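Right, one structure below, let's go through it.
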Amino acid sequence: MLTMPLTMEPPLPVESRPKPQAAAAKVFVVEDDDEMRSLVEEMLREEGYRAAGAPDTFTALLHLLAEGADVLVTDWKMPVMDGLALLDSVRRCMPGLPVVFVTAYADRSLRQRALDRGASSFLAKPFQRDDLLAHVRAALSRRQVRATSGPGRC
């Protein structure tokens, strides 16, 4: 049986990309597991990103509308509203915001749904630090292209 990889390959390895400037990019992390969210935020801060997060999609959406972000990293399986619903809301309100979808419940069907609905990339848990950083960097490079599409309607 052929299997499809559950991650999209970023264009360049992490080692070949320069580190961002401290104020260059704000990455917002949505993860209901407090330890995982803290770990991801710390990984991002160590690379020079401004990282913030929320434990649920509702809080995340409120923060994103008020504060904005350069990249959204979101889990899928969360209480109240899942990551796909958040992705749909983000596409309506902030069409240029790149979304990196991260989940432990990765399968081909979910991967395809996330990508079809506008996720920049899909990363299965557990993941390596370098993989996460490569996906964030690739999403930031795509943001430059999408930024010209203008704001959405909420």
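The residue that is nearest to THR57 (Cα to Cα), among those in the stretch 77-124 that are touching a helix residue (DSSP H, G or I) at 6+ places or on another chain (Cβ under 8 Å) and charged (D, E, K, R), is ASP82.
Can you confirm whether VAL71 is open to solvent by less than 70 Å² (accessible area, probe 1.4 Å), in contact with a strand residue (DSSP E or B) (Cβ under 9 Å, 6 or more places away or on another chain) and within 16 Å of ALA24 (Cα to Cα)? For VAL71, the condition - open to solvent by less than 70 Å² (accessible area, probe 1.4 Å), in contact with a strand residue (DSSP E or B) (Cβ under 9 Å, 6 or more places away or on another chain) and within 16 Å of ALA24 (Cα to Cα) - is met. Scanning for something in contact with a helix residue (DSSP H, G or I) (Cβ under 7 Å, 6 or more places away or on another chain) and surrounded by fewer than 19 Cβ atoms within 10 Å (Cβ to Cβ), does the stretch 131-141 turn up at least one residue? The answer is no; no qualifying residue exists. Candidates ASP88, ASP130: the one that is within 25 Å of ALA24 (Cα to Cα), in contact (Cβ under 8 Å) with a residue 12 or more places away in the chain, out of contact with any Ser or Thr (no Cβ under 7 Å at 6 or more places or on another chain) and not in a strand (DSSP E or B) is ASP130.
Selection of the stretch 74-88 for residues being open to solvent by 10 Å² or more (accessible area, probe 1.4 Å) and of a type in the set (A, V, I, L, M) yields MET78, VAL80, MET81, ALA85.
Note on the stretch 102-129: residues that are open to solvent by 70 Å² or more (accessible area, probe 1.4 Å) and under 16 Å from GLU46 (Cβ atoms) amount to 2. Pairs linking a residue in the stretch 52-67 that is free of Cβ contacts under 8 Å to residues at least 40 places away in the same chain and farther than 17 Å from ASP33 by Cα to a residue that is buried (at least 17 other Cβ atoms within 10 Å of the Cβ) and among the hydroxyl-bearing types (Ser, Thr, Tyr), with Cβ atoms under 8 Å and 6 or more positions apart or on different chains, are LEU61/SER89. Considering only the stretch 43-62, state which residues are part of a helix (DSSP H, G or I) and under 16 Å from ALA25 (Cβ atoms). Of everything in the stretch 43-62, those that are part of a helix (DSSP H, G or I) and under 16 Å from ALA25 (Cβ atoms) turn out to be MET43, LEU44, ARG45, GLU46.
Table: residues versus (1) touching a Phe, Trp or Tyr at 6+ places or on another chain (Cβ under 9 Å); (2) of a type in the set (Val, Ile, Thr); (3) open to solvent by 70 Å² or more (accessible area, probe 1.4 Å); (4) at pLDDT below 95.
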| position | (1), (2), (3), (4) |
| --- | --- |
| MET1 | no, no, yes, yes |
| LEU6 | yes, no, no, yes |
| GLU15 | no, no, yes, yes |
| PRO18 | no, no, yes, yes |
| LYS26 | yes, no, no, no |
| LEU44 | no, no, no, no |
| GLU47 | no, no, no, no |
| ARG50 | no, no, yes, no |
| PRO55 | no, no, no, no |
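The values are calculated or read from the model by the stated rules, or taken from the named source; none is laboratory data. For clarity, every value in this text was computed on a predicted model and none was experimentally measured. Positions of Cβ are generated from backbone atoms using ideal geometry, with glycine treated the same way; all protein chains shown enter the neighbour counts. For accessibility, only protein heavy atoms count, side chains too; no ligands or nucleic acids. Shrake-Rupley method; radii C 1.70, N 1.55, O 1.52, S 1.80 Å.
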